[in-house]
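> The structure's right below; bear with me while I get my questions together.
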């Protein structure tokens with residue numbers, strides 16, 4: 001069973017999809033750290049891109065790049081309307097350059113999700129737990145336009161930022 005198939009019904013995906021579909025027609029979406037999820041297919045975008053360091057299944061109408069972020073940032077053709085990065089930044093030791101590259105790639109919005117207040121050690125790959133609103137602001141250097149907490153197996157925070 002794929003990663004996404006195990007998680008497709010989790011609230012953070014539902015919030016992300018709803019927000020992306022509510023934005024109306026936009027030029028381009030970029031999903032960073034997408035693995036096998038279809039996030040880049042959601043919403044009304046003319047161009048769709050994904051970047052992940054792992055090989056991933058093809059998605060119809062989506063240009064995929066197998067590369068590490070932020071190294072891949074220079075290969076994105078132009079700034080994109082919306083950049084998404086779900087359940088990724090908690091894994092990144094040098095988080096600020098990673099996040100700054102997300103914002104540099106976007107010209108309208110950045111949508112992030114993170115585990116919310118998970119205790120340190122709950123997931124050994126998470127280097128920033130626990131994350132709350134203040135820590136997310138420290139990690140991004142920005143205040144989100146809107147946040148939502150989802151409660152499924154564990155709580156997650158979904159945040160959307162204006163990129164400008």
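> Please state which one of 33, 61 is in contact with a strand residue (DSSP E or B) (Cβ under 8 Å, 6 or more places away or on another chain), in contact (Cβ under 8 Å) with a residue 40 or more places away in the chain and either farther than 23 Å from residue 149 by Cα or surrounded by 16 or more Cβ atoms within 10 Å (Cβ to Cβ) (or both). Can you show your working first?
Numbers: 61 fails: in contact (Cβ under 8 Å) with a residue 40 or more places away in the chain.
Selected residue: 33, the only one of 33, 61 that is in contact with a strand residue (DSSP E or B) (Cβ under 8 Å, 6 or more places away or on another chain), in contact (Cβ under 8 Å) with a residue 40 or more places away in the chain and either farther than 23 Å from residue 149 by Cα or surrounded by 16 or more Cβ atoms within 10 Å (Cβ to Cβ) (or both).
> State all residues of the range 74-107 that are under 21 Å from residue 37 (Cβ atoms) and more than 14 Å from the chain's Cα centre (by Cα); if no residue qualifies, say none.
Matches in the range 74-107: 75, 76.
> I'd like the full set of residues that are loosely packed, with under 14 Cβ neighbours inside 10 Å and either modelled with pLDDT under 95 or assigned to a loop (DSSP other than H, G, I, E, B) (or both), limited to the range 132-148.
Result: 132, 141, 143, 145.
> Can you confirm whether the range 124-131 contains a residue that is touching a strand residue (DSSP E or B) at 6+ places or on another chain (Cβ under 9 Å), within 15 Å of residue 163 (Cβ to Cβ) and at pLDDT 95 or above?
First, pick out the residues of the range 124-131 that are touching a strand residue (DSSP E or B) at 6+ places or on another chain (Cβ under 9 Å): 126, 128-131.
Now drop any that are not within 15 Å of residue 163 (Cβ to Cβ), which leaves none.
No; the residues of the range 124-131 include none that is touching a strand residue (DSSP E or B) at 6+ places or on another chain (Cβ under 9 Å), within 15 Å of residue 163 (Cβ to Cβ) and at pLDDT 95 or above.
> Looking at the range 62-71, can you tell me whether even one residue there is assigned to a helix (DSSP H, G or I), more than 12 Å from the chain's Cα centre (by Cα) and within 11 Å of residue 30 (Cα to Cα)? Spell out the reasoning first.
Within the range 62-71, the first condition is being assigned to a helix (DSSP H, G or I), and the residues that meet it are 71.
Remaining after also requiring more than 12 Å from the chain's Cα centre (by Cα): 71.
Narrowing the set further to residues that are within 11 Å of residue 30 (Cα to Cα) leaves none.
No, the conditions are met nowhere in the range 62-71.
> List every residue pair whose Cβ atoms sit under 8 Å apart, with the two residues 6 or more apart in sequence or on different chains, where the first one lies in the range 127-151 and is on the phi > 0 side of the Ramachandran plot and touching a residue at least 12 places away in the same chain (Cβ under 8 Å) and the second, anywhere, is surrounded by 14 or more Cβ atoms within 10 Å (Cβ to Cβ) and in a helix (DSSP H, G or I).
So the pair list comes out as 141/99; 141/100.
> Just name the residue that is surrounded by the fewest Cβ atoms within 10 Å (Cβ to Cβ) out of those in the range 96-122 that are in contact with a strand residue (DSSP E or B) (Cβ under 7 Å, 6 or more places away or on another chain) and either in a loop (DSSP other than H, G, I, E, B) or at positive phi (or both). Walk me through how you get there before you give the answer.
Narrowing the range 96-122 to residues in contact with a strand residue (DSSP E or B) (Cβ under 7 Å, 6 or more places away or on another chain): 102-103, 105-117.
From the residues that got through so far, the ones that are either in a loop (DSSP other than H, G, I, E, B) or at positive phi (or both) too are 116-117.
Values: 116: 22, 117: 17.
The residue in question is 117.
> Separate question: Do we have residue 86 as surrounded by 21 or more Cβ atoms within 10 Å (Cβ to Cβ), touching a strand residue (DSSP E or B) at 6+ places or on another chain (Cβ under 7 Å), farther than 20 Å from residue 156 by Cα and in contact (Cβ under 8 Å) with a residue 60 or more places away in the chain here?
Numbers: surrounded by 21 or more Cβ atoms within 10 Å (Cβ to Cβ): yes; touching a strand residue (DSSP E or B) at 6+ places or on another chain (Cβ under 7 Å): yes; farther than 20 Å from residue 156 by Cα: no; in contact (Cβ under 8 Å) with a residue 60 or more places away in the chain: yes.
No.
> I'm trying to understand the selection: among the residues of the range 1-25, which are over 18 Å from residue 112 (Cα atoms) and touching a strand residue (DSSP E or B) at 6+ places or on another chain (Cβ under 9 Å)?
Passing the criteria: only 25.
The values are calculated or read from the model by the stated rules, or taken from the named source; none is laboratory data. Predicted model only: the values in this text are computed from it and were never measured. Ideal geometry is used to build each Cβ from the backbone, glycine not excepted, and the neighbour counts take in all protein chains shown.
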